[in-house]
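J.: First, the structure itself, so that you have it in front of you.
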Amino acid sequence: MRVRYYLSVMALLVLGFSSVANGQNLSNSWDKLTDAQKEILLPFSDQWEFLSTERQTYLAQGALRYAEMDAEQRAAAESRFRAWQDLSENERDTIRNQYRQFQNLLPREKERIRDNFQRFQKLPLDRRQQLRDRFRRMDTDQRQKIRERLRHRQNRNRPRPINPPN
């Protein structure tokens, strides 16, 4: 159950930080926010001018995304947020560090991780639980060997680029 929360939070963070990185040029003035943004960000209204520009931009963009969600998407986002709040500070730090590590990977490595995650998600629930349990019982060396074997297997199955003649 915790693994699913971690993955959900990671997805939320990836989506949230990528939109900040793409940088829609939003004004940071409270008066420039849309009515929908103001409604969503009402708890921040009194302290808005004291927030950093980066934080204001992040919140404003998140409010835009939230305003465009349907009821089911909002419920899922709220559930992920509650799960994030339920994590200890240590667990949040771990997730943040893993996110930073992921952001520093080569695009090929990111794609490999996403592909593996999609394959895992398509497995039946009982098989996923078996794999989780087996992975938890492994020591650090065993886990590393599994990762290397998967990486090697995936690289072996990738089509190789054609090198042009010199």
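The values are calculated or read from the model by the stated rules, or taken from the named source; none is laboratory data. These figures come from a predicted structure and were not determined experimentally. Cβ sites come from the backbone with ideal geometry, for glycine too, and all protein chains shown count toward neighbours.
J.: Just checking, which of 120, 50, 102 is of a type outside the set (Lys, Arg) and more than 30 Å from residue 150 (Cβ to Cβ)?
T.: 50
J.: Do we have residue 112 as surrounded by 10 or more Cβ atoms within 10 Å (Cβ to Cβ), under 30 Å from residue 36 (Cα atoms) and among the charged types (D, E, K, R) here?
T.: Criteria not met by residue 112.
Here's the yes/no breakdown for (1) of a type in the set (A, V, I, L, M, F, W, C); (2) in the same structural domain as residue 42 (by TED's automatic domain parsing):
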{"residue": "65", "(1), (2)": "no, yes"}
{"residue": "72", "(1), (2)": "no, yes"}
{"residue": "76", "(1), (2)": "yes, yes"}
{"residue": "84", "(1), (2)": "yes, yes"}
{"residue": "99", "(1), (2)": "no, yes"}
{"residue": "113", "(1), (2)": "yes, no"}
{"residue": "122", "(1), (2)": "no, no"}
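J.: What pairs come up if the first residue lies in the range 95-119 and is under 18 Å from residue 153 (Cβ atoms), the second is assigned to a helix (DSSP H, G or I), and their beta carbons are under 6 Å apart, counting only those six or more places apart or on different chains?
T.: Close Cβ pairs (under 6 Å, with a partner that is assigned to a helix (DSSP H, G or I)) amount to 112/154.
J.: Working carefully through the options 47, 73, 56, 101, find the one that is closer than 30 Å to residue 32 by Cβ and exposed (fewer than 10 other Cβ atoms within 10 Å of the Cβ).
T.: 47
J.: Follow-up question, since we're still on this one. Can you tell me which residue among 80, 74 is within 30 Å of residue 40 (Cα to Cα), touching a residue at least 60 places away in the same chain (Cβ under 8 Å), part of a helix (DSSP H, G or I) and charged (D, E, K, R)?
T.: 80
J.: Suppose we filter 150, 131, 105, 64 for residues that are outside any helix (DSSP H, G or I) and in contact with a helix residue (DSSP H, G or I) (Cβ under 8 Å, 6 or more places away or on another chain); which single one remains?
T.: 105
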